[in-house]
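One structure is given below, encoded as structure tokens.
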Amino acid sequence: MERLTERTAAGVANINYSGCYFDDGMRDKIAESARRQTVIERLASIEDILGEDYDLDRLRELVMAGREGRCVIIKKCHECKHHHTAYGYHYCRFWHKFCPDDGDFYCQYAPKGEAYGG
């Protein structure tokens, strides 16, 4: 996804207006207006996902963990190929823990990729 902002030399956030100029170097005010609207729409989408109460430091940690492979999406236990049901409870043979509420889990002994049912 294209980054819509940039930092100035002083570290101030600004809208990235690259591509908003005519061939002669003059500013294209219509393109600038469209870029501002795109930035607003992107910010609104991000805020829709995060809600009103979020911690940017925690979000940064999660993004870094995901990029480093330390954070994965965990599927529910009934989707794990090691899952079976016994006496009405969901059970994962590798994790050795019951999951009566069918909550998320991690098969710690399954090979990488199978840990989340993938």
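With a cut-off of at most 16 other beta carbons within 10 Å, and DSSP calling the residue loop, which GluC sites (Glu not before Pro) in segment 1-66 qualify? Please list them. Don't skip to the answer; put the middle values down first.
Working: sites: GLU2, GLU6, GLU32, GLU41, GLU47, GLU52, GLU61; in loops: GLU2, GLU52.
Those satisfying the criteria are GLU2, GLU52.
Sorted by accessible area with a 1.4 angstrom probe, largest first, how do ARG58, ARG35, ARG42 fall?
Details: ARG58 120, ARG35 35, ARG42 70 Å².
The most accessible residue leads, giving ARG58, ARG42, ARG35.
List the residues whose amide H sits under 5 Å from the amide H of ASN16, counting only those 5 or more places along or on another chain, with H placed 1.01 Å from N in the peptide plane.
Long-range HN contacts for ASN16: THR5, GLU6.
What is the distance, in nm, between label points placed 7 Å from the Cα along the Cα-to-Cβ direction at MET26 and at GLU68?
In this crude label model, MET26 to GLU68 measures out at 5.2 nm.
Return the long-range amide H neighbours of TYR21 (sequence gap of 5 or more, or a different chain), with a cut-off of under 5 Å between placed amide H atoms.
Sorted by chain and number, the residues that satisfy this are ASP28.
The values are calculated or read from the model by the stated rules, or taken from the named source; none is laboratory data. These numbers come from a predicted model, not from an experiment. With ideal geometry, Cβ positions are generated from the backbone for all residues, glycine too; neighbour counts draw on all protein chains shown. These accessible areas exclude ligands, DNA and RNA; they are computed on the full protein's heavy atoms, side chains included. Shrake-Rupley method; radii C 1.70, N 1.55, O 1.52, S 1.80 Å.
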